[in-house]
Amino acid sequence: FTGLFLDTLDDADLLESEDAVRYRGMRQAAVSLVRAIRQRYPGIVLMVNRGYALMPEIAGSIDILLGESVLASFNSSTKAYTRVSPADVQWQVDALRRARTLNPSLQVLTLDYWHPSDRNGIRRIYRDQRARGFIPHVATPTLDVVIPEPR
């Protein structure tokens, strides 16, 4: 990857919605930042992790949107891999699809976390994400291993 990866960009909207006085302007600052980067560096690849609430304003300025833990995640408290609830899966899938309607050339990647030895579970994640039209990836929670799709 050669470009700029903006992680947890959705925190700006979340913080401002939780305390509108203390975090006033964070949402607009995040939007302005993305737009300024695109304007200053028009050829750079811009990738955003989530940031779904900002998509109406920034989808046209980014190249790649990452949906993290769409189908599967890792609970750091229990040290267990978990499936994401159907409602949360649908929420993210809908958000990723809406972003693509705002920018039809947007690449949509997913990153799910699953146990490296569960070949069937990993295969299912890759299959299900591709069926949704996304470019899937599966990794360990420390992101030190990207698990290839089992053949």
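Residues HIS115, HIS137 ordered from highest to lowest accessible area at a 1.4 Å probe: HIS115, HIS137. In terms of packing, defined here as the mean over residues of other Cβ atoms within 10 angstrom, the peptides 88-95, 122-129 line up highest first as 122-129, 88-95. For ARG24 and ARG127, a Förster radius of 30 Å and the Cβ-Cβ distance give a FRET efficiency of 0.10, rounded to the nearest 0.05.
Sorted by packing (mean other beta-carbon atoms within 10 Å per residue), highest first, where do 100-108, 27-35 land?
On the way: 100-108: 14.2, 27-35: 16.9.
In descending order of packing, they fall as 27-35, 100-108.
In the set [x] 11, 37, 34, 16, 2, 0; [y] 11, 41, 33, 14, 1; [z] 11, 35, 28, 15, 7, 3, 0, the label that goes with P(r) over Cα pairs in 10 Å bins from 0, in percent computed for this structure is [x]. Simple point charges give the picture: +1 on the Cβ of Lys and Arg, -1 on the Cβ of Asp and Glu, and for the stretch 1-62 a dipole about the Cα centre of about 320 debye.
Size of the dipole of the chain about the Cα centre, Lys and Arg at +1 and Asp and Glu at -1 on the beta carbon, nothing else charged, in debye to 20? It would help to have the intermediate numbers written out before the result.
Working: 19 positive and 17 negative charges, 101 e Å.
The calculation lands at about 480 debye.
Computed from label points 7 Å out along Cα-Cβ, the spacing between ALA36 and THR142 is 3.7 nm. Other residues whose C-beta falls under 15 angstrom from the C-beta of ASN103 contribute a net charge of +3, scoring Lys and Arg +1 and Asp and Glu -1.
The values are calculated or read from the model by the stated rules, or taken from the named source; none is laboratory data. Computed from a predicted model, the values in this text were never measured in an experiment. Please note: Cβ atoms are built from the backbone with ideal geometry, for glycine as well, and neighbour counts cover all protein chains shown. Note: areas computed on protein heavy atoms with side chains; ligands, DNA, RNA excluded. Shrake-Rupley method; radii C 1.70, N 1.55, O 1.52, S 1.80 Å.
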